[in-house]
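A.B. asks: Below: one structure in structure tokens.
The values are calculated or read from the model by the stated rules, or taken from the named source; none is laboratory data. Everything numeric in this text was worked out from a predicted model, so none of it was measured. With ideal geometry, Cβ positions are generated from the backbone for all residues, glycine too; neighbour counts draw on all protein chains shown.
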Amino acid sequence: MNLKNAVALVTGGSAGIGHGIAKSLIDSGARVAITGRDKAKLDKAAKELGAHPIHADVSKEADVQRTMRETLEKFGDLDILVNNAGLGTFKKLVDFDLASFERTFATNVTGAMLMAREAAKHFISKNRGNIVNIGSTASHRGAPNGTAYYASKFALRGMTECWRQELRKNNIRVFLVNPSEVITSFGTAAGFEQKDNPSKLRPEDIAHAVKSVLEMEDRGFVTELTVFATNPAD
């Protein structure tokens, strides 16, 4: 697709991978709305990017429905949904509390479903569209302390497969992009320390992957793309 003047909605676009994707799309000529839960952070990012800010929490159905209405009112259309909003909680199984587990799934799984549902309604009506789900290499394996986050990414991968089969007849492309470790504020928010190193991935690397798969001619699409650092150092 041609990204010039395309309309994209990027959830969790205030920072990290979402911010990088929004910047890449805007630099390519797209018109972009970003969502975020922290209004001050969202407004600052939107001003820097030249994006339209929508203060919303994807885990709340009313917020998701308002996000879609506002995007369509602002731009008159939607061509791309990037389901990027996500959070992580990492604890031993025996220490896991129900609230943390449910909070992770509410954003990473339910939030992605709600956003995709609303976007799909619009895409079906015009018989074309693009849904990009930002997954993780965590969707292919397990790890200690990963009960909630890893399981949520397995679930997102499963939903992606279902949506792809369901929506292809409507010319809707559904992509899954799986980053390995990316240096962002995610680790701090999730309660673990990331060791920075120039050899590790940055948000712009994932943004490059997203832009690349979107720009392929609409007659074809890359179903799933995994992005690793070539030789990361701890």
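A.B. asks: Mind listing whichever residues of the range 114-131 are closer than 23 Å to Gly220 by Cα, in a helix (DSSP H, G or I) and in contact with a strand residue (DSSP E or B) (Cβ under 8 Å, 6 or more places away or on another chain)? Show your work before the answer.
C.D. replies: Step one: of the range 114-131, the residues closer than 23 Å to Gly220 by Cα are 116-117, 119-131.
Then keep just the ones that are in a helix (DSSP H, G or I); that gives 116-117, 119-126.
Selection gives Ala116, Ala119, Ala120, His122, Phe123, Ile124.
A.B. asks: For the range 34-83, what are the residues that are in contact with a strand residue (DSSP E or B) (Cβ under 6 Å, 6 or more places away or on another chain) and within 16 Å of Ala116 (Cβ to Cβ)?
C.D. replies: Thr35, Ala56, Thr67, Thr71, Leu78, Asp79, Ile80, Leu81, Val82, Asn83, listed by residue number.
A.B. asks: What are the pairs with Cβ atoms under 8 angstrom where one residue, in the range 193-209, is under 14 Å from Gly18 (Cβ atoms) and touching a residue at least 24 places away in the same chain (Cβ under 8 Å) and the other, located anywhere, is buried (at least 16 other Cβ atoms within 10 Å of the Cβ) and charged (D, E, K, R)? Sequence gap at least six, or different chains.
C.D. replies: The qualifying pairs are Glu204/Lys23; Ala207/Lys23.
A.B. asks: Is it the case that Phe154 is of a type in the set (Phe, Trp, Tyr), surrounded by 15 or more Cβ atoms within 10 Å (Cβ to Cβ) and modelled with pLDDT under 95? Walk me through it before giving the result.
C.D. replies: Numbers: of a type in the set (Phe, Trp, Tyr): yes; surrounded by 15 or more Cβ atoms within 10 Å (Cβ to Cβ): yes; modelled with pLDDT under 95: no.
Spelling it out, it is not the case that Phe154 is of a type in the set (Phe, Trp, Tyr), surrounded by 15 or more Cβ atoms within 10 Å (Cβ to Cβ) and modelled with pLDDT under 95.
A.B. asks: Among the residues of the range 125-135, is there at least one that is modelled with pLDDT under 95, hydroxyl-bearing (Ser, Thr, Tyr) and surrounded by fewer than 18 Cβ atoms within 10 Å (Cβ to Cβ)? Steps first, answer last, please.
C.D. replies: Residues of the range 125-135 modelled with pLDDT under 95: none.
No, that holds for no residue.
A.B. asks: Would you please list the contacts, defined by Cβ atoms under 6 Å and residues six or more apart or on different chains, that run from a residue in the range 50-66 that is within 25 Å of Ala99 (Cβ to Cβ) to a residue that is assigned to a loop (DSSP other than H, G, I, E, B) and among the acidic types (Asp, Glu)?
C.D. replies: Sorted first by the residue in the range 50-66, then by its partner, the pairs are Asp63/Asp57.
A.B. asks: Residues of the range 177-217 being within 20 Å of Val10 (Cβ to Cβ), among the charged types (D, E, K, R) and exposed (fewer than 14 other Cβ atoms within 10 Å of the Cβ), which ones?
C.D. replies: Our first condition is that a residue be within 20 Å of Val10 (Cβ to Cβ); within the range 177-217, this holds for 177-179, 182-186, 189, 201-216.
With the extra rule that they be among the charged types (D, E, K, R), the set shrinks to 202, 204-205, 211, 215.
The one that is within 20 Å of Val10 (Cβ to Cβ), among the charged types (D, E, K, R) and exposed (fewer than 14 other Cβ atoms within 10 Å of the Cβ): Glu215.
Conditions (1) in contact with a Gly (Cβ under 9 Å, 6 or more places away or on another chain); (2) part of a strand (DSSP E or B), marked per residue:
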position: Ser139; (1), (2): yes, no
position: Asn145; (1), (2): no, no
position: Gly158; (1), (2): no, no
position: Arg164; (1), (2): no, no
position: Arg168; (1), (2): no, no
position: Asn178; (1), (2): yes, yes
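A.B. asks: Suppose we filter the range 180-234 for residues that are closer than 29 Å to Leu3 by Cβ, in a helix (DSSP H, G or I) and not hydrophobic (A, V, I, L, M, F, W, C); how many remain?
C.D. replies: So the answer is 7.
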